[in-house]
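Peer 1: Got a structure here, written out as structure tokens. Questions coming.
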Amino acid sequence: MDNSSLSNALTQHRRRRRRRGPVARLKRQLRRFNYTIIVVVFVSVAAFLVMGTLLLTISTRNQVEDSQDNLERVLSDVSRKPGADLTLADFDRLQASVRDLNNTITNAQRLTRFLRPFAFLNAEWETYFEALDVAQELALSANDMLAGIEPTLRYLSEGTEDERVELQLSSAERSVELLRLGQGRFLNARNRLQTAQGKIDDFRLAEVSPNLLVTVDRLIRYHRDLQDINDLLLDAPELLTVALGLETPQTYLVLSQNSDELRPSGGYISTYGWIDVQNGRIAGYDYAAATAESPNPPPASLAAAVDVPDWWFSYPQPLYAAWDGSWHADFPSTAEMAAWYYNSGDNFQAPVDGVIAIDMVGFGYLLEGLESVSVPGYDLVVTPDNFRELVYEIRASNVAGEESPHKAFLAALYKQILTDWQQPETDSLVMRQAMFRALQEKHIMIYFVGDRAHLNAAVDQLGWSGHQKSGTERDYLMVADANQGSKSNRSVVRQLVYDVEIMPDGTLDSRVTVDYDFPQYLAEADPAVQPAHYSTLNYHNLLQVFVPANSTLTGQDNLRFDPQIVRMESHTDFVARVRVDFNSSTRIQLAYTTPELVESFGPYRRYELLIQKQPGTQNELASVQLRLPPGADVIHTSPAVAASYTLDQPVLEFQLEMFEDQSIVVLYTD
């Protein structure tokens, strides 16, 4: 066999071996294999993984939301208690709920960790994981705050019944020391909140579901609330040190507002006084009737410093406008003017460091805490039930040669209230409950004079400042009365109805209705509505309706003259004179349009309304009817709607009780 034949034979032999080898057999099997099975198996596995991922994501989200709901229930329960009713049990429940939420979030992060590298594939997953991170930062910041304040709360509850948290003036210095001890945890909380804010700023909400959008909105509101609380805790040592005179004695001007004769930020100043506070104790105080000569007015040369609006009350002496309660619905502005008037008149204890206002409702609450007060020199026992009756009986007596006898009586009464308040036998818990209630309802308000903006900000966060909020970045409404010549406000019932339609471009078409009722049955039972106390029985009122800045009046009903329009940086103010006849009712309407106030929130829209309560008023009702653009779908509302309809467009109704300021937030689709 020649070489060529031998080579061919070897080649054929190797080919026959390769065809019988394992690689060759595998290739022949793969050629016969049905690739459809591979595709089906792959799709099935992928579907299983996707469904498992969705179920896991939904499960962890539900667990986190359940923990959030539990925390909200605890917060709601605690927040409904007056500040004086808080106990260590409340604190422990709150702390346990925060820890439970943090543990739930940590578990959710652990279970979904393997999905995070693939989050970019799905906007919903990506936002959910980012929301988990924000939620954990918020939970950890809340835990830091609670840890920082725990030593103070446990100290304040030592030896008290039911472990109740009680801030005694005598314990102020130690409380400040313990709050300073917790500053490290409050600073940690601030850092966590800053981290959370950075993550919130990075949210991409264009393709997320409505449910997740509601969760994100919830987190943003939590962040804002926690930021306010932590700022307050950081400022608390200085606030208490200054307010209670722990380092430098403080003198406060006290304005006693007669809320039976309303002014925009409370009431007519019928009496006034001063209080010295030193080392957490009241070191001195006095009260006097407010008259044209008391307190001493500023020199006439300073009259130009008081710029009285042309629509406000006229005075023989314009200087007095700075003392009379002022035209401002913002109490800090009124307090600043009153302090200027008092200090410029070189009155006793001037210059003052702060201003405290308390109206007749607030004094009534304090009387409830004391139950009764014996007034020196009058042989009278004053109770919450006869308080106003005695005041107006003495006012009507008009003793010959005595100017404003009721003001002298009120000054003596208020001095005795302060005296009795400090007695050891006084039930401090009941008094604190009364004080907290008055503060929350704007019957007591506090303002620091001078360069103390951060302290006033802290008081504002507590809701004790009477500050008028801005009307530039949301819908806004505040109605303020100024009584002209009577004491009838307790018998005049005021209700608000607000109808607003959201236009497609985010502007608002709004209408405010102010209903007044002056019924005979209320007036007959009111000691203030008697001939000795008014120049005219009918209710004459200078009405101010504050709405968003740069709003345009489009119509009015039942006003004799068109309202005067006062444009300010933060509001538009419609000013009108209104008369409500005795035993009748009056209905005033103002229609207007606003600039664009509805904001985009991801692919959705967010509407927010703030209605502020006028200081000095008692509870009044406010009804809001909100009409969304045609075709809109509601995602979430806070608070819950009282009723909803779908006519030519969705209609939502809310019923609010104005014990304090109220907000409405609505998320919807276009």
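The values are calculated or read from the model by the stated rules, or taken from the named source; none is laboratory data. As the structure is a computational prediction, the values presented were derived from the model and not from experiment. Ideal geometry is used to build each Cβ from the backbone, glycine not excepted, and the neighbour counts take in all protein chains shown.
Peer 1: Given (1) over 21 Å from the mean Cα position of the chain (by Cα); (2) closer than 26 Å to N538 by Cβ; (3) surrounded by 18 or more Cβ atoms within 10 Å (Cβ to Cβ); (4) of a type outside the set (D, E), identify the lone condition not met by G602.
Peer 2: (2)
Peer 1: Scan region 269-279 and tell me whether some residue there is in contact (Cβ under 8 Å) with a residue 40 or more places away in the chain and closer than 30 Å to L146 by Cβ.
Peer 2: Yes - at least one qualifying residue is present in region 269-279.
Peer 1: Would you pick out the residues in region 242-268 that are in contact (Cβ under 8 Å) with a residue 60 or more places away in the chain and not in a strand (DSSP E or B)?
Peer 2: Hits for region 242-268 are V242, A243, L244, L246, P264, S265.
Peer 1: What do you reckon, is V176 closer than 30 Å to I417 by Cα, assigned to a helix (DSSP H, G or I) and out of contact with any Gly (no Cβ under 9 Å at 6 or more places or on another chain)?
Peer 2: For V176, the condition - closer than 30 Å to I417 by Cα, assigned to a helix (DSSP H, G or I) and out of contact with any Gly (no Cβ under 9 Å at 6 or more places or on another chain) - is met.
Peer 1: For region 608-647, which strands (runs of 3 or more DSSP E) that fit wholly inside it have 3 or more residues that are in contact (Cβ under 8 Å) with a residue 24 or more places away in the chain, touching an Asp or Glu at 6+ places or on another chain (Cβ under 8 Å) and not assigned by TED's automatic domain parsing to the domain that holds L219?
Peer 2: 621-627
Peer 1: If I ask for residues that are part of a strand (DSSP E or B), surrounded by fewer than 17 Cβ atoms within 10 Å (Cβ to Cβ) and modelled with pLDDT of 95 or more, which ones from region 658-670 would you list?
Peer 2: Result: S663, V665.
Peer 1: Which ones in region 462-487 are polar (S, T, N, Q), closer than 21 Å to L255 by Cβ and in a loop (DSSP other than H, G, I, E, B)?
Peer 2: Step one: list which residues in region 462-487 are polar (S, T, N, Q), which gives 465, 468, 470, 472, 483-484, 486.
Pick out the ones that are also closer than 21 Å to L255 by Cβ and you get 465, 468, 483-484, 486.
Hits for region 462-487 are S465, Q468, Q484, S486.
Peer 1: How about region 457-483: which of its residues are among the polar types (S, T, N, Q) and under 24 Å from L262 (Cα atoms)?
Peer 2: Scanning region 457-483 gives S465, Q468, S470, N483.
Peer 1: Within region 294-304, work out how many residues are at pLDDT 90 or above and surrounded by fewer than 15 Cβ atoms within 10 Å (Cβ to Cβ).
Peer 2: 4
Peer 1: Among the residues of region 302-311, are any of a type in the set (V, I, T), in a loop (DSSP other than H, G, I, E, B) and closer than 21 Å to R577 by Cα?
Peer 2: There is at least one residue in region 302-311 that is of a type in the set (V, I, T), in a loop (DSSP other than H, G, I, E, B) and closer than 21 Å to R577 by Cα.
Peer 1: Here's a follow-up. Name the pairs: first residue in region 439-462 and surrounded by fewer than 22 Cβ atoms within 10 Å (Cβ to Cβ), second residue among the hydroxyl-bearing types (S, T, Y) and not in a strand (DSSP E or B), Cβ to Cβ under 8 Å, at least 6 apart or on different chains?
Peer 2: Final answer for the pair search is N456/S465.
Peer 1: Quick check: is even one residue across region 562-579 at positive phi and either of a type in the set (D, E) or over 24 Å from the mean Cα position of the chain (by Cα) (or both)?
Peer 2: Of the residues in region 562-579, the ones at positive phi are none.
No: zero hits.
Peer 1: Something else now. Of these, F387, F348, F363, which one is at pLDDT below 95 and under 26 Å from the mean Cα position of the chain (by Cα)?
Peer 2: F363
Peer 1: Go through (1) in a helix (DSSP H, G or I); (2) surrounded by fewer than 19 Cβ atoms within 10 Å (Cβ to Cβ); (3) not hydroxyl-bearing (S, T, Y) one by one and return the number of the condition L319 breaks.
Peer 2: (2)
To keep it simple, each residue is scored yes or no on (1) assigned by TED's automatic domain parsing to the domain that holds I588; (2) in contact with a helix residue (DSSP H, G or I) (Cβ under 7 Å, 6 or more places away or on another chain); (3) buried (at least 19 other Cβ atoms within 10 Å of the Cβ); (4) at pLDDT 95 or above.
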| position | (1), (2), (3), (4) |
| --- | --- |
| P519 | yes, no, no, yes |
| P527 | yes, yes, yes, no |
| Q530 | yes, yes, no, no |
| Y539 | yes, no, yes, yes |
| V545 | yes, no, yes, yes |
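Peer 1: Only one of (1) outside any helix (DSSP H, G or I); (2) under 17 Å from D330 (Cβ atoms); (3) touching an Asp or Glu at 6+ places or on another chain (Cβ under 9 Å) fails for A457. Which number is that?
Peer 2: That leaves (1) as the condition not met.
Peer 1: Further question: Can you confirm whether region 391-408 contains a residue that is crowded, with 20+ Cβ neighbours inside 10 Å, β-branched (V, I, T) and in contact with a strand residue (DSSP E or B) (Cβ under 7 Å, 6 or more places away or on another chain)?
Peer 2: Within region 391-408 (the criterion being crowded, with 20+ Cβ neighbours inside 10 Å, β-branched (V, I, T) and in contact with a strand residue (DSSP E or B) (Cβ under 7 Å, 6 or more places away or on another chain)), the answer is no, since none of the residues qualifies.
Peer 1: Quick check on this structure: which one of A321, A283 is farther than 30 Å from T248 by Cα and free of Cβ contacts under 8 Å to residues at least 40 places away in the same chain?
Peer 2: A321
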